[in-house]
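Student: Next up is a structure, given as structure tokens.
The values are calculated or read from the model by the stated rules, or taken from the named source; none is laboratory data. Note that the structure is a prediction, hence the values are computed from the model and not measured. Cβ placement follows ideal geometry from the backbone for every residue including glycine, while neighbour counts extend to all protein chains displayed. Heavy atoms of the whole protein, side chains included, go into the accessibility calculation; ligands, DNA and RNA do not. Shrake-Rupley method; radii C 1.70, N 1.55, O 1.52, S 1.80 Å.
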Amino acid sequence: MNKRKYRLFVICCLVLDLLVMLISGYRYLDRKIPDEIQISRGKKTEDVTEVLSTPFVTFEEAVTVSQDGGYILPCKLLGYIPFKEIKVTPADDQEIYVSGSTIGIYMQTEGVLVIDTGEIQNRNGETEEPARNIIRQGDYIISFNGEKISTKRELIDDISELDGSEVTLGISRKGESIPVSVTPVKDKKGDYKLGIWVRDDTQGIGTLTYVDQNGNYGALGHGISDIDTAQLLNIRNGALYKARILAINKGSKGNPGELAGYICYDDRNILGTIEANSRNGIYGQFTGIADDAITLKKMPAAYKQEVKIGTATILCSTDGEVKEYDAEIRKIDLNHEDTNKSFVIKVTDKELLEATGGIVQGLSGSPVIQNGKIIGAVTHVFVQDASSGYGIFIENMLKNTENSING
């Protein structure tokens, strides 16, 4: 009886190991074979299959080509098991102006962002929370008693005129506009309050990645989220400014570090508009010029399938001058659900490691170069290893540039 149980246990373990191997293998192949791929216009199907050639995966020899030259390329596991269909899109090779310069970022939110709700001590010494379960963290207040509001100052002015009557606020919540009613509370000073903490702008330091031939730029490689709500900010407008690095808080294990800078808020120092804040970076129109503050160098842009494991370089500025530093691409994921985490990069340059510890806040958007082409940009740092982090393919950033232009 014990032998039977033991044999059953061994069989179950073997089956479990086999399932784990199959799942791991499937996930590995899914990461190696993208759902979509762009290729240089005029390239043949054979060129695509050669680039994506992977053990155990075979590609169909016959495909139906659409009028624009695109097509769907089916592939199978072991020649029999349907795996996925790859959308192949022909594209024109691009040359863009690569930067690496430090920029200042200022953005105003679309409406007034609610950071949190809080308690108010009334004239009797009791605490009340009038907005609790009515207004939520991450909501945007867009109107007050039917009148549109855009700034925190407008909201403060409206609240100062309250007389205790119920007010109706227009709220934007997860893209949906809804009206809510809140009854203000008179505090110990005799002023009426709604019990909400709000913000209407944000600013920071980042890195300009590129400017394309039409004057459209891409920067950061990831979106700007509110520090309190952790949500991607809905923006009304914004601008890029010239900025200076004043100090470097060096990164270390458990401490990502940062560039501490000064943003020159003057119309003469505006470099461009901010028209889109997306998961893959900020985008808009570059109106500045290449000068002592901004470096721009023309360079071809690589397709994601051209990125290889091995040596690369990073363009960034830690002292006002853009320099090229040695790095390594350690891992590539052609199909990551978070497109701003498509490859892993490690800083190997002794000078940059000595200055910053590796990747720090403010270096997001630093261009990554390989084989004479820009392949992407740095986006994140690993908290437990400041020398390493994630990057985004330049192909995905350029696609966001196009989307922001087209609305």
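Student: With N set to the residue count of the range 131-283, report its C-alpha Rg divided by 2.2 N^0.38 Å to two decimal places. Spell out each step's value before the answer.
Tutor: Working: Rg = 19.3 Å, N = 153, 2.2 N^0.38 = 14.9 Å.
In units of the 2.2 N^0.38 Å rule of thumb, it is 1.30.
Student: Per residue Cα convex hull volume for the range 153-211, in cubic angstrom? The partial results should precede the final answer.
Tutor: Working: hull volume 8.5 nm³, N = 59.
It is 144 Å³ per residue.
Student: Same structure again: Just how many % of Cα pairs in the range 283-344 lie over 19 Å apart, if you round to the nearest whole percent?
Tutor: Counting every Cα pair in the range 283-344, those more than 19 Å apart make up 51 percent.
Student: Also, I was wondering about something else. Can you list which of the trypsin sites (Lys or Arg not before Pro) found in the range 219-327 are DSSP loop residues with at most 14 other C-beta atoms within 10 Å?
Tutor: On the way: sites: Arg236, Lys242, Arg244, Lys250, Lys253, Arg268, Arg279, Lys297, Lys298, Lys304, Lys308, Lys323; in loops: Lys250, Lys253, Arg279, Lys308.
Within the range 219-327, the qualifying trypsin sites (Lys or Arg not before Pro) (loop, at most 14 other Cβ atoms within 10 Å) are Lys253, Lys308.
Student: Still on this structure: Restricted to Cα positions, what overall size does the range 236-334 have along the principal axes? Three whole-Å values, descending.
Tutor: Answer, in whole Å and largest first: 43, 32, 28 Å.
Student: Tell me the Kirkwood hydrodynamic radius of the range 69-133 in angstroms, computed as one over the mean inverse distance between distinct C-alpha pairs. Mind dumping the intermediate values first?
Tutor: Working: mean 1/r = 0.0501 Å⁻¹.
In the range 69-133 this quantity evaluates to 19.9 Å.
Student: Quick one: what are the phi-derived ³J(HN,Hα) couplings along the range 171-181, Karplus 6.51/-1.76/1.60 with θ = phi - 60°, whole Hz, x for glycine and proline?
Tutor: In residue order, the calculated couplings are 10, 9, 10, 6, x, 10, 8, 9, x, 10, 10 Hz.
Student: At what distance in nm do the modelled label points of Lys250 and Ser177 sit from each other, each positioned 7 Å from its Cα along Cα→Cβ?
Tutor: Label at Lys250, label at Ser177, 5.3 nm between them.
Student: At most 16 other Cβ atoms within 10 Å and a DSSP loop assignment: could you name the trypsin sites (Lys or Arg not before Pro) in the range 116-224 that fit?
Tutor: Numbers: sites: Arg123, Arg132, Arg136, Lys148, Lys152, Arg153, Arg173, Lys174, Lys186, Lys188, Lys189, Lys193, Arg199; in loops: Arg123, Arg132, Arg136, Lys174, Lys188, Lys189.
Passing both the DSSP loop test and the Cβ count: Arg123, Arg132, Arg136, Lys174, Lys188, Lys189.
Student: For the chain, the longest stretch holding no chymotrypsin sites (Phe, Trp or Tyr not before Pro) located in a DSSP loop with at most 16 other Cβ atoms within 10 Å is which?
Tutor: Values: sites that count: Phe56, Tyr80, Tyr265.
Within the chain, the longest run free of exposed chymotrypsin sites (Phe, Trp or Tyr not before Pro) spans 81-264.
Student: Related question: Given a 1.4 Å probe, how much area per residue of the chain is accessible, in Å²?
Tutor: Values: 21710 Å² over 407 residues.
About 53 Å² of surface per residue is accessible.
Student: Oh, and also: How do Thr54, Thr295, Thr64, Thr127 stack up against each other in accessible area, from largest to smallest, with a 1.4 angstrom probe? List each step's numbers first, then the result.
Tutor: Values: Thr54 15, Thr295 60, Thr64 120, Thr127 85 Å².
My answer, sorted largest first, is Thr64, Thr127, Thr295, Thr54.
Student: How much of the pair distance distribution for the range 32-159 lies past 19 Å, counting alpha-carbon pairs only, in percent?
Tutor: Values: 5671 of 8128 pairs.
Distances greater than 19 Å cover 70 percent of the Cα pairs.
Student: Here is a follow-up. Given a cut-off of under 8 Å on Cα pairs at least six residues apart, what relative contact order in percent is computed for the chain?
Tutor: Result for the chain is 16 percent.
Student: May I pose another question? For the chain, how big is Rg over Rh, using alpha carbon atoms and the Kirkwood form of Rh? Mind dumping the intermediate values first?
Tutor: Working: Rg = 26.2 Å, Rh = 24.3 Å.
For the chain, the value is 1.08.
Student: Let me cross-check Glu176: its accessible surface, 1.4 Å probe, with only protein heavy atoms counted, in Å² to the nearest 10?
Tutor: 120 Å²
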